[in-house]
Structure formats: C-alpha cells, structure tokens
Amino acid sequence: MTTFQPPADAGAPGDAERETVIEPTKGWIGINWREMLHSRELLYFLIWRDLKVRYKQAVLGVGWVVLQPVMNMILFTLVFGSAAGLNQRLKGHENQYSVFVYAALLPWQLFATAISSGGMSLVNQQNIVKKIYFPRLYVPTAAVGGALTDMAISFVIVIGLAAFKHVTFSPLLLLMLPLLVLLTLLNALGVAYLLSALTVKYRDFRFLIPFMSQVLMFVSFVAFPPALVGNSKWKWLLLFNPMYGVVAAFRKCILNFPDSVTGFAPQYLISSIVGGMLLFWVGLFVFRRTERNFADIA
Amino acid sequence: MKPIITVDRLGKAYTLGHTVDRHATFRDALVHAAKAPIERWKRRFTPPEKRADAFWACKDVSFEVNRGEVVGLVGRNGAGKSTLLKLLSRITEPSEGVARLRGRVASLLEVGTGFHPELTGRENIYMNGAILGMKRVEIKRKFDQIVAFAEIEEFLDTPVKHYSSGMYVRLAFAVAAHLEPEILIVDEVLAVGDAQFQKRCLGKMKEVSEGEGRTVLFVSHNMQAVSTLTQRCVLMSKGRMAMVGPTPDVISEYLRQVGDATREQVYTAAAVPNKPKITRVELRTSEPNNVQMNGRPMEVHIELTTPVPINGARLSFHACNTMQEPILYFWCHDTEHPMAREAGTYKLVCRVPKMRMFMGDYTLRVHLKEQAGGKEFEVLEGICPFEVVMYGRDREGGWYKNTCAYLEEGNWDVSKVG
C-alpha cells in the first residue's frame, strides 16, 4: 500500500473531512443520531456477543432460554395456582393457570432483564467504556436487545402451551402483539438507561436492583391474578406501575380472557404508554447527563 | 490546509476530596442531601473546575498537528499524557478548552479492549473491530491480513482465554493496526509483547504514517521509539504543556527532567598533602543527565593535584559496561603531553569527537600511575555512570541491547558478480 485511499465503505461522502469538536458540554445533551446510525453494526455485535457468551460452558446451553421461564411457570402454577388455590380466581379458566402465568412472563422477562442485565451493563463493561469511545447508549440497549430473542422463543412456547390448554385465540388481538412488544421495549429501554447510569454513579443499585425486580413483579401481578385486588380503594396505585398495563394487555391479547380475569382496563394501557414514554426520556436524559463522566466515575 | 488536529487551551479538572463530592453510596448522598441541602446544591452545580480543591490533570494544552505527521507525547508518569489522550479520544469530556479533529479517529489506549475471553480469535476480531469503529465488510476484507500479522492461523477457532499472553497481544494489536483511520491515537502499546513483536508494531506504525499518510499521536516512555517514529513532540510536565518542538530538543528536555538525581555526575575528592590525587572527574555527555547519544561528541575533564613532582605521570581511563568489562581505553602519558613535573593542579581534557559505544549503561574507571613499573597512585572504579542511547539513529528493525559493544562506521559495496 503506497497511497492512502479511503475505504469504499467509509460512510457518507465527506466522512474523512468530518470534524469532531471536543469541548465541555452543558445542560441537555442531544443524541448524535448520525453517529448512532453510523455504528449501528456495533449494536448488532454487542447483542451477538452477549448471546454467544451467555450459555458458554453450560451443558444445557441455549436450553436455558426455554428452561428458565418454564421453571418459573411451573413454580408459580404449583405454589400460587394449586397450593394457594389462586386458580379459583380465574373464573372459567381455572385449569389454564399455567398459560396465564406464561403469557405474563413474556413481557416480564424482558423487563426483568432490562432491570438486571441492563442496569449492570455499564458497570460490567467499564473496562471498555474507560478505554475507548463509542456510542455508549448501545451498551444497555444491547442488553435489552438480547432479551428480545428470549422473548421470541418464549412466544413460540406460550402459543403452543395455549393451544394445548384449549385457549381460544382472537386473531385480531394477536395482531396487536407487535405494538405491545414495542411498548414493553419502550419501558424496558427507559429503565435500562436510567439504572445503568445510576449504577455507575451509585453502586447501591447493584443491591437494590434484585429487590426492585421482585417488588415490581409482585405489583405487576405476574405470578398471581389481578383479581386479588378486587375493589380495593388502593387500586388506583396500579396506574403508577407502567408494567401492570403491559402485563394485563399481553394476557388479554394472547389468551383472549375476559378483562375481569386479566385485570385489563384502557386506563392502565394509557398509563403504560405515558409512563413508558416518560421513563424512556428520563432514562435517556439521565444517561446522557452522566455519560460525559462515565470514564471518571466508573 | 488546516491542521488535522487543533488543540486549544484544553484542560481537565478532577475533584480530589471525594468525601463530599462523590458519594460513595446512595445513602451518603441522601444523608448529605438531608443535612445540608443548600451546601449540597451549591456544590452540585459547581463543576470540578470551579471548586477550590480542583486538581488539574492537564491544563492549558495547545498544539497543532498537520496531516501525515507523527507526533510524540512524552513526559514523566502523572504528567497528564494519558488524560490528554482520553480527552482527544473522547473517553472523557474536557473541563475547558476545545479540540478539533478533522477525520476519522481511532484510539488504542489499551491493547485488547473489548476482547472477550470466551469468544474465539475469529469472533474477537469482528467484535474488537466493531468496537474500534470498523464496519463488518471492512473487517472481512482485512481479515486475512490481520490473521497473518498476528500469526494465529492455527488458533483462529480457539477461545482467546486459552491463548498465551503473547498471542493475545499480537492479535489485539493486529486488529487495531489494520484500522484505516486518518488519525491514530496510540498509548504505550509497545510496553507489551516481546522484542520481536515490538519491532513489528513499530514497523507497522511507520508504514501507516509514511506510506499511507496517516496522522499518528503517540505516547511512549520508550525514547528510542519516539525518536525513530516522530519528528515533533509535545512534552507534558505536571499537567501543563512544557514544550512543543523537534523531537531531539524535546527528548533532551525530557531527559533533563527525568534525570536520575542520584547519579553522581561529577566526581570530586579533596587533595591530600602526601601523594598525588585525582581531585575531579567530569563527564560531559551530549545530552543532559549523563545521557550520551551514540555518534555525538563527548568530553571527559579530569583534574589531578599533586604535592610533589611525578616521575613520568600516566593517566588513563576506561569506559566499562555493567559487567565491568572495559570497552574503551584512553590514555595520557607524560612522554607525549608533559604534565605534573612539578607540584600543582593539572587539568586534562579528553575530547571524543564521535562516541561510538553501543547503547547501554557504562561507568568510568580512572587510573593514575607513575612511569611503567612504578607506583600506582590511584584507581577510581565505577564513577560517572552514564547511559549511551541511539536516539535519532534509525535502523530497520530497531536496536537491542548487547548486540555488540561498539558501533563503527562502515561502507558497503554491493554488486552482482555472477
């Protein structure tokens, strides 16, 4: 090689002449979409690496993707459904408690991964963050993105299980699922951005996160029916948990159970949408504010 | 043409007293917030640079780098070099000032950033390339070159956790070296790897800058590497920019700064009333702090004081290596340069026009004697330690200690005879 030729795929024309200005930033920091788009392959590689590495040296390997929710489902069905007799709360669907739980695990698992893996993602990868610059927003994004593949596998299982349990699907409602997945992603990304940035700053979140995850699972009624709440005067508090609406909507769309069983109501869906957008923007804001000092405080 | 890198009064402040500013835990933050809200908010909105206890890791750094130039960044540990590189590679944000980089930047602050031990060599090449900012097609195109450079063909599909450290470093450097950035920022990567590999890395960096017209910003404590790779250097000292200029000048200044204060540069002794004595030996090296550049002049100034006339005085000195093996011999005899024929102090100066000893550490051994077969007055051993360096003398493949003891000039004639 004697002369320097810019690689044919070096990006947009004038890429070589692109000027990078490095100076202190103040206040709200926008997102550099151009840069994000330019290195979008990195997101793909980060997700791919996580998937590749996650089950290495595990005898069951990818089998764990299936086993984890299945074991959760069996546990919840036995403990809450049968032992505690909560299956009686599913009026007309008493023997479908397992699908009822599984349908909720779909969005919940994604959200739980966003909280745990997403929240710890930056701290876990601080050796990279401290040594090289790249769009760091991709780190928590990749953690959530990886969970999306788990969700796809779980979806196949839940549909099979539902068919096996004689659930009568509603095609129209099933078609709404992609939108619900997007809504779950909105919430999950928001919480991953927020927690990952906070964890870098305050390591307390490392201990707080598993606890938060547990509490949220209870108040999202993943393992037991929302009918338990009945007409409590505290029911309005559910509006402040965006995941409640998501979980209820998933049950409604996949299982086509009546709202009295799934606990679905339009106001909860609206709370999820508004809450999700709020969470997403707050998460993004906190992340970008903290990002300029990640390397110093990590 | 505009300079490819313009740095203007760049600075980065850190807060030293982390007890108040950086709350170790969330609880601390809460407690503090409750206790002294006003104080806290006041501090919260006071950036480090405005605080009384601010520590400036680097400040007021301004320089320019032209396209295709290789610029060295030198200085002692803690001088702010790494902070400066972190700022320029956007890992952390400056507290003040501005830097403009015109072109694609790749930084290599640590070899093997983003390598995952569980992934195979092949997988890590793609992963590492992506983190360094390469596109997949680009990595694919360079793949064979990278593998060849790293010499890991056989182990391509082995997880890198089973690699030897040498293989690991080779692979990591190979990926980074095959990036095609307009600006390459490199920090002390040559500190790792064996001599053979360091040689290839240096060669590759030279190829990148000379052959392909890239701009390289290069941090190293290895002055040999700095002197052969760069034409211009920035010297950092205590967070400030101490000097910008041609490499030899900056290296001289750097050597003066890092100089070993314990090195006795001048030997002195008091005269005694009853016998001749060497009272002073001063070595004048070409660089500060007893560092001698190979091929440059060197002087040895010796004073001897005698209370009585010496019969056929002979003064000589050796330059010895660390094994105390004599490498050079210089002498001054009364028969050629009449001296000490009456009591008094005499000064003898030995000028070496081109000091050709090979790189390494040396000391002087000085003898003072009478005529042959006579008395030996004094032998001084291991005085005036000095180091011979090869800075600025380039050789394909670099220099290694103990290759030889002495470097003579020679001319080659090559012709085809058959």
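The values are calculated or read from the model by the stated rules, or taken from the named source; none is laboratory data. Nothing here was measured: the structure is a model prediction, and the numbers come from that model. Please note: Cβ atoms are built from the backbone with ideal geometry, for glycine as well, and neighbour counts cover all protein chains shown.
Here is the figure for segment B:369-411: residues that are of a type in the set (Gly, Ala, Ser) and either touching a strand residue (DSSP E or B) at 6+ places or on another chain (Cβ under 8 Å) or in the same structural domain as B:THR335 (by TED's automatic domain parsing) (or both) total 6. Just to be sure, is A:LEU180 farther than 18 Å from A:SER117 by Cα, free of Cβ contacts under 8 Å to residues at least 24 places away in the same chain and out of contact with any strand residue (DSSP E or B) (no Cβ under 7 Å at 6 or more places or on another chain)? The answer is no for A:LEU180. If only residues of segment A:264-297 that are over 21 Å from the mean Cα position of the chain (by Cα) and not in a helix (DSSP H, G or I) are counted, the one that is farthest from the other protein chains (Cβ to nearest Cβ) is A:ALA265.
Residue by residue, here is whether (1) in contact with a helix residue (DSSP H, G or I) (Cβ under 8 Å, 6 or more places away or on another chain); (2) closer than 20 Å to A:ALA249 by Cα; (3) within 14 Å of chain B (Cβ to nearest Cβ) holds:
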{"site": "A:GLY119", "(1), (2), (3)": "yes, no, yes"}
{"site": "A:ASN124", "(1), (2), (3)": "no, no, yes"}
{"site": "A:ARG136", "(1), (2), (3)": "yes, no, yes"}
{"site": "A:THR141", "(1), (2), (3)": "yes, no, no"}
{"site": "A:LEU175", "(1), (2), (3)": "no, yes, no"}
{"site": "A:PRO210", "(1), (2), (3)": "yes, no, no"}
{"site": "A:SER220", "(1), (2), (3)": "yes, yes, no"}
{"site": "A:PHE224", "(1), (2), (3)": "yes, yes, no"}
{"site": "A:GLY230", "(1), (2), (3)": "no, yes, no"}
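The residues listed here are B:GLU153, B:GLU138, B:GLU182, B:GLU212; of these, the one that is surrounded by 15 or more Cβ atoms within 10 Å (Cβ to Cβ) and touching a helix residue (DSSP H, G or I) at 6+ places or on another chain (Cβ under 9 Å) is B:GLU138.
Taking the stated definitions as given, is B:TYR362 aromatic (Phe, Trp, Tyr) and farther than 24 Å from B:TYR406 by Cβ? So B:TYR362 does not fit the description; no.
Would you please name the residue that is surrounded by the most Cβ atoms within 10 Å (Cβ to Cβ), looking only at residues in segment B:326-384 that are part of a strand (DSSP E or B) and among the charged types (D, E, K, R)? Taking the candidates together, the pick is B:LYS369.
Kindly indicate which of A:ASN187, A:ASN241, A:ASN231 is surrounded by 24 or more Cβ atoms within 10 Å (Cβ to Cβ) and more than 24 Å from A:LEU75 (Cα to Cα).
A:ASN187
Across segment B:92-112, the qualifying residues are those that are surrounded by fewer than 20 Cβ atoms within 10 Å (Cβ to Cβ) and within 18 Å of A:GLN126 (Cα to Cα), and the one among them that is modelled with the lowest pLDDT is B:GLU110. Under the condition of being at pLDDT 90 or above and acidic (Asp, Glu), the residues counted in segment B:55-73 number 2. Residues that are closer than 21 Å to A:ALA192 by Cα and free of Cβ contacts under 8 Å to residues at least 60 places away in the same chain within segment A:239-256 comprise A:LEU239, A:PHE240, A:ASN241, A:PRO242, A:TYR244, A:GLY245, listed in sequence order.
Scoring A:ILE132 on the criteria (1) crowded, with 20+ Cβ neighbours inside 10 Å; (2) farther than 29 Å from B:ALA176 by Cα; (3) hydrophobic (A, V, I, L, M, F, W, C) leaves a single failure, condition (2).
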